[in-house]
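Beneath this line is the structure, given in structure tokens, with notes to follow.
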Amino acid sequence: MRWWTAHSDRGASNVRRILEWYDRRIVNVNVNIIAAGLLALIPTAIVAHLAETVFLVRHWAAITIITFITDAVSDVAVYYLLHWIANHMPRDTPRLVRSVAYGGMSFVKDATLVQFERACLSPLLYIIALGGQFFLKRWGLDLVWATIIGFASAILVTRILHTIWMYRAEVRARDAELARLRVAGNVNDPYNPASPAVFSLVASPGCSTTNPGSAPASSTDAPSNSGARSASPSSAGTLSSPDGDAGARPG
């Protein structure tokens, strides 16, 4: 019984860790796009097979057009659903990570922006996918497998490029937010809900949330009547309290 309990606890911990990672937009966008692309392969492969065997479509250009239209419609529809579930669906537990670059967008704007970014990469996607399908078919591979291999390869290449794009957007937004907080003089404020500690991003090397010109504080530097916050044992437990009563600032 103890073994079963320990095994269940480890399983629950792993599930929570996976969900924490999935809450990150840069992660769930990639996961959802890959999932949508793979799920779209099902109707795409079926339609391509029916076009060749039932409707007797033999010309490669006609098969390419049919494949393109089927994949595009299926992929976009599935992605919108997955993006809403991951980033905008109301739920009881709050999302643990806030995207700085995209967090304030509505569902339609957010998901459509992802589709715009994908559209910029789509020429490369379909060159690899349809080109791979065409050449693999010419080399004697079955059309269904040629379609699957071509599109899977295209998804892999474009996911790498899209990840770099989103990461750079997040870093630029984070740096702009840090600069705004530095100008406001509250970048190190533990009580500020907009503090960089609230949003979790992959920090770039050498990035610090401290004021560049600030010097280490000492006991002789603290003014007597400035209302400076202290870290006394009696008030240490109130620093992370989210409400105004329990988390009152020490005077």
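Annotations for the structure displayed:
- Applying a threshold of 7 Å to beta carbon distances and a minimum spacing of six or more residues, or different chains, the list of pairs starting in region 86-107 at a residue that is among the aliphatic types (A, V, I, L, M) and ending at one that is buried (at least 19 other Cβ atoms within 10 Å of the Cβ) and part of a loop (DSSP other than H, G, I, E, B) reads Leu96/Asp23; Val97/Asp23; Val97/Arg24; Val100/Leu201.
- The one condition in (1) surrounded by 15 or more Cβ atoms within 10 Å (Cβ to Cβ); (2) under 17 Å from the mean Cα position of the chain (by Cα); (3) not in a loop (DSSP other than H, G, I, E, B); (4) not basic (Lys, Arg) that Val108 fails to fulfil: (1)
- Being assigned to a loop (DSSP other than H, G, I, E, B), surrounded by 14 or more Cβ atoms within 10 Å (Cβ to Cβ) and free of Cβ contacts under 8 Å to residues at least 24 places away in the same chain is a property that Val57 has.
- Restricting Asp71, Asp92 to those that are surrounded by 19 or more Cβ atoms within 10 Å (Cβ to Cβ) and of a type in the set (D, E, K, R) reduces the list to Asp71.
- Counted residues, region 70-103 - those being over 14 Å from the mean Cα position of the chain (by Cα) and part of a loop (DSSP other than H, G, I, E, B): 6
Every number in this text was worked out from the coordinates using simple rules, so none of it is lab data. If you're wondering where the values come from, they're calculated on a predicted model, not measured in any experiment. In this analysis, Cβ positions are derived from the backbone assuming ideal geometry, glycine residues included, and neighbour counts consider all displayed protein chains.
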